[in-house]
Each structure stands twice: as structure tokens, then as C-alpha cells.
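Colleague: Got a structure here, written out as C-alpha cells. Questions coming.
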Amino acid sequence: MEIADAVVIGGGVIGTSIAYRLAEDRNVILIEKGEVGSGTSGACDKAIFLQSKQPGFPVRLAKASKEIYENLQAELEEPIEFKKGGGMIVIEKEAHLDFMKEFVKKQYKAGIDVNLLDRKETLAIQPALSETIAGSTFSTEDAEVNPLLLSQAFAAAAKRRGASIQTYTEVTGIKTQDGKITGVQTNQGYIATELVINAAGPFASQIAEMAGVGLTIMPRRGVILISEKVEPMINGNILCSQYMASKHFTSKSEKNAPSYGIGLSLGQTESGNLLIGGSREFKGYDRKVEPHVLSAIAAHACRIAPALNKIKIIRSMVGFRPYTGDGLPIIDWAREVDGFVVAAGHEGDGIALAPITGKLVTGLVNNDSKSSDLLEPLKMDRLQVV
């Protein structure tokens, strides 16, 4: 039997960020059923978008996380490929212009440095785009990071602080006694602990159920196409206005939602591969994607960026985004059992919010009043639980 001050379940960018922060003054064990970063964090793009966040608290939370990113690579002493290359939301149709003008006004008022560009200005930054686009929004505040390197960097830094990272280890049960957490059972053995952090992303509801905690976090499937290595052709990261619609629709039955939740996300890795997304579908945990969905993603991307027509796709990746319904994660103590913390539900914002999540969870368990204003909107009871 092992003993830990805290057990973190989930080895993606969220779980490793939490383990790193908690390990500063606790004996921490992180459990991951695969390899570090092999789940949702290994099947997403690399964008840290601020301008895509809803005005108000979501923007404030994202800006707080971005501030940590500024010095994170030096702090972790590991490469994470953090770059401040800016971000663009392409306006494909003239009919979208009025909406996007209002969008820019709201984002600027919310503190985001974002500007509306016409077609000529847009193509000067992104010449791979179609000459038929109406324009774009552009923000210098948007950035990018390598999610796999980020997860590995957090994990390595956590280990240097004394944390134990147990990969290929699956949680099979969570033990409680008299309404309190007493331990975690895994396929590798038992860990006695009074504190469990549920950072299992799209599988968070299953982990919560083991502790008798009701949680409504659903998997929302997303697909990204990966191209062959090509010369640099994308500057920073690109979204489109249809992507924004797909991201922020909260109802599964929304009649006006794009087919398969498709919206363009486009970026290029250090090695030259293009990451071309993407889709948003409620398909449970089914990883088998229909060919017509892949074709629809490619067709939408090529319409906006015709330069992609000559690029070969070498594979695709499928991930499950943890969906709460209101676009915000849950970072809170469970009410049903003492010692159980939920830190999940980031959906497509896990990369952007990973740094602040680690600090907020640490503030929560330490009862730090400095974190209370950012934690209040993330409480579990704002959502209906089962």
C-alpha cells in the first residue's frame, strides 16, 4: 500500500499542471491510464486563443492563464514551444461582417486587443487564404504551445518536486468512509489518501461516480486532420466565424448549428505539419469517425484556404473534449464526500486554461482567499448534476 497527501487522476495538461503545483508542499501521486498527454491533450491543436472567449469572466480567466504562460517555460525548465504569434478569426462571408463587428467591439471592451481587418489586410498576414473572404479579426494576444510538450514539462517539473507519476495505471475504485475519501484503488495497488483531484477530462463523470459524486461532464468528439510536412505557410493560428458558432452552441439539438459542428481551426507545428480542424459531435466515446465527416472538414478548410488543396493528409486524430454546457470548467469540492475535488470540463479550452487551473486547485485545497474570486463562477452547483 502506498500513502499520498493527494492523488491526481488524469495525466493531461490539466492533471499535470495540478500535480506540479500541489507537489510544492505535498506528497503527490498522479495516476494516468495511458501515457502522459496521450488522451485529450494529445489530440488537439496548439492554440491559446483569448479573442475566442466569451466576454466577461471567461476572458478574465483566460487572461490570467496567459499571464502565467509568459514565464512558464523558464519556470518549468523544459521546452514547451510557447509562441506569441497572434491569432485570426476569418470572416468567410459578407453576411457575417455585422456580427463580427459587434464581436470585436465586445472583445475590445472586455480588454482584448483585437482589430477588424479587411480582405487585403487579412491576406497580407495569411496569403494562403482565399481571395473571396470578407475579412478577419486579428489579435496579437493570441499565442500557441505544444500540448504534448506542455504535459511532459509539467510532469517532469512535478517529479523534480517529488511527485510520483504512475502511467498505464487505471483507477478501479475510490474508497470512502463516513463521508470522507480514504483511498484510491488501481489495477496496480491501493493508495491511501484523504484528497483526490479528479482531472480525468471527458472521463471525469465516470471517476466521480466511483466516489458517489454526481457529475454531468460529457465527451464531445473532435477530429483534426494532420498533413505532411510542408514549408511554413500559416502565421500564428486561424479560426473561422463558423468555428465560433460551433464552439459556443450549448444545445445538442441546436437547429442552426453547422453540420458535425465543423469550423476551421488551422495551425502549423514546428516540424511543418498542418493541424486542420475540426468537428464537434456528441458520439459518446466512439472513436470511429465516418469518412464523410473527414471529407467535410477538408472541404470546409480548402474553401477558406485553397492552398491546402495541394497538401497531402497523412492521418487524423480523434479526441474527446469534456463538455459542461456553459463553456466553463468545474473547479470545486464535491458536496457528497469530503476530500474529493473536481477539476474538469474545460472542453476546447484546456490548453489555454491549464496554467491557471493548477494554481486555482492549489488555492482551493489551501483555502486561499486570493483565489476565491476566480473560483466562485466555477462551482459545481451552477450546473445540474445527476
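The values are calculated or read from the model by the stated rules, or taken from the named source; none is laboratory data. This structure is a prediction, so every number in the text was calculated from the model and none was measured. Cβ: placed from backbone, ideal geometry, glycine included. Neighbour counts: every protein chain shown.
Colleague: Does S271 satisfy being at pLDDT below 95 and in contact with a helix residue (DSSP H, G or I) (Cβ under 7 Å, 6 or more places away or on another chain)?
Modeller: For S271, the condition - at pLDDT below 95 and in contact with a helix residue (DSSP H, G or I) (Cβ under 7 Å, 6 or more places away or on another chain) - is not met.
Colleague: Right, here's the next one. Quick check on my filter: what residues within segment 94-126 are part of a loop (DSSP other than H, G, I, E, B) and without any contact (Cβ under 8 Å) to a residue 60 or more places away in the chain?
Modeller: Within segment 94-126, A110, G111, D113 qualify.
Colleague: Cβ-Cβ below 8 Å, separation at least six or inter-chain, first residue in segment 1-18 and under 12 Å from I29 (Cβ atoms) and modelled with pLDDT of 95 or more, second assigned to a strand (DSSP E or B) and among the aromatic types (F, W, Y): which pairs?
Modeller: Once the first residue is under 12 Å from I29 (Cβ atoms) and modelled with pLDDT of 95 or more and sits in segment 1-18, its partners that are assigned to a strand (DSSP E or B) and among the aromatic types (F, W, Y) give E2/Y190.
Colleague: Also, I was wondering about something else. Return yes or no: is G363 surrounded by 18 or more Cβ atoms within 10 Å (Cβ to Cβ), small (G, A, S) and free of Cβ contacts under 8 Å to residues at least 60 places away in the same chain?
Modeller: yes
Residue by residue, here is whether (1) out of contact with any strand residue (DSSP E or B) (no Cβ under 7 Å at 6 or more places or on another chain); (2) acidic (D, E) holds:
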position	(1), (2)
A299	yes, no
R303	yes, no
S316	no, no
G319	no, no
G327	yes, no
V342	no, no
D349	yes, yes
P355	yes, no
N366	yes, no
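Colleague: Looking at segment 1-49 only, could you name the residues that are touching a strand residue (DSSP E or B) at 6+ places or on another chain (Cβ under 6 Å) and among the charged types (D, E, K, R)?
Modeller: Scanning segment 1-49 gives E2, R26, D45, K46.
Colleague: Further question on the same structure: Identify, from the list L378, L308, L374, the residue that is crowded, with 21+ Cβ neighbours inside 10 Å and either among the acidic types (D, E) or assigned by TED's automatic domain parsing to the domain that holds L30 (or both).
Modeller: Being crowded, with 21+ Cβ neighbours inside 10 Å and either among the acidic types (D, E) or assigned by TED's automatic domain parsing to the domain that holds L30 (or both) holds for just one of L378, L308, L374, which is L378.
Colleague: Also: For segment 31-82, give me each residue that is part of a strand (DSSP E or B) and modelled with pLDDT under 95.
Modeller: A47
Colleague: Can you name the residue in segment 164-181 that is surrounded by fewer than 15 Cβ atoms within 10 Å (Cβ to Cβ) and of a type in the set (S, T, N, Q) and is also nearest to F340 (Cα to Cα) among such residues?
Modeller: Step by step, filter segment 164-181, then rank; the result is Q177.
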